[in-house]
Amino acid sequence: MQIPLEITYRDVQKTAATEELIRRKVGKLERLCTYIISIRVTVESSQEHQRSGSPYRVGIYLSVQRVALVDKLFPEKDYGFLKTVDGRVLYFHRNSVLADDFDRLEIGTGVRYVETMGDKGPQASTVQIVDKPGVRHSTSS
């Protein structure tokens, strides 16, 4: 996550147990979804007079990067298609790939992109490699 977790309490007393539970659940989300930019959690008292159920309302607000995988590639024609997280397919051209990295792309390469409106509908521009298939990322200790 690029921006630190933000937890807000409204008309609810903050406790170490609640804080730990939220942080543990957010950690699980981060392991499942590696393209989260930020998470905001709001815990508030339910304004109604409840007789059963939880007296709290929890809101979770996620910001995620636009990520996709290279789905089809036509290097001889200088273009390809990305498959987005939500299942859409977007066209991109060699000129849209940053750092002149078009030739490094393979089917399954993870990329970030900006969606723009082209002559024939939505397309990807500002395409940047974020993950290559089979590449292991080193972690510093």
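The values are calculated or read from the model by the stated rules, or taken from the named source; none is laboratory data. Predicted model, so just to flag it, every value in this text is computed and none were measured. Positions of Cβ are backbone-derived with ideal geometry, glycine not excepted, and every protein chain shown enters the neighbour counts. These area figures cover heavy atoms from the full protein model, side chains too; ligands, DNA and RNA do not enter into them. Shrake-Rupley method; radii C 1.70, N 1.55, O 1.52, S 1.80 Å.
What number of lysine-lysine pairs in segment 1-106 show an alpha-carbon separation below 30 angstrom, given a sequence spacing of 8 or more or placement on distinct chains? Walk me through the numbers before you get to the answer.
Values: Lys14/Lys25; Lys14/Lys28; Lys25/Lys83; Lys28/Lys83; Lys72/Lys83.
Lysine pairs meeting both conditions in segment 1-106 amount to 5.
With Cβ to Cβ distances under 12 Å as the rule, what net charge do the other residues near Phe81 carry (K, R +1; D, E -1)?
Values: positive: Lys72, Lys77, Lys83, Arg88; negative: Asp71.
So the environment of Phe81 carries a net charge of +3.
How high is the FRET efficiency from Ser125 to Leu62, r the C-beta distance, R0 22 Å, rounded to 0.05?
Approximately 0.40, to the nearest 0.05.
Carbon and sulfur together cover what percent of the accessible area of the chain at a 1.4 Å probe radius?
Summing carbon and sulfur atoms, their accessible area is 49 percent of the total for the chain.
Report the full-extension gain for the segment Lys28 to Gln13: residue separation times 0.36 nm, less the Cα-Cα distance, to one decimal in nm. If you can, show how the numbers build up before the last one.
Numbers: separation 15, 0.36 × 15 = 5.40 nm, distance 2.41 nm.
Answer, rounded to one decimal: 3.0 nm.
Which net charge results for the neighbourhood of Arg31, defined as the other residues with beta-carbon distances under 15 angstrom from its beta-carbon, given Lys and Arg at +1 and Asp and Glu at -1?
Surrounding charge for Arg31 is +3.
Under a GNM of the chain (C-alpha, springs under 10 Å), which listed residue has the highest mean-square fluctuation: Ser46, Ser125, Ser96?
Maximum among the listed residues: Ser46.
With a 1.4 Å probe and all protein chains left in place, how much accessible area per residue does the chain have, in Å²?
Result: 71 Å² of accessible area for each residue.
I want to check the label-to-label distance for Thr116 and Leu69. Put each point 7 Å from Cα in the C-beta direction and report it in nm to one decimal.
Going by the 7 Å Cα→Cβ label model, 2.7 nm.
Taking the Cα atoms only, what angle lies between the long axis of helix 16-32 and the longest principal axis of the chain, rounded to 10 degrees?
Long axis of 16-32 versus the principal axis of the chain: about 20 degrees.
Of the options Leu29, His93, Val130, report the single residue whose Cα projects farthest towards the positive end of the charge dipole of the chain (beta-carbon charges: Lys, Arg +1; Asp, Glu -1).
Checking the options against the dipole of the chain, the answer is Leu29.
So which trypsin sites (Lys or Arg not before Pro) in segment 7-37 end up in coil per DSSP with only 12 or fewer other C-beta atoms within 10 Å?
Lys14
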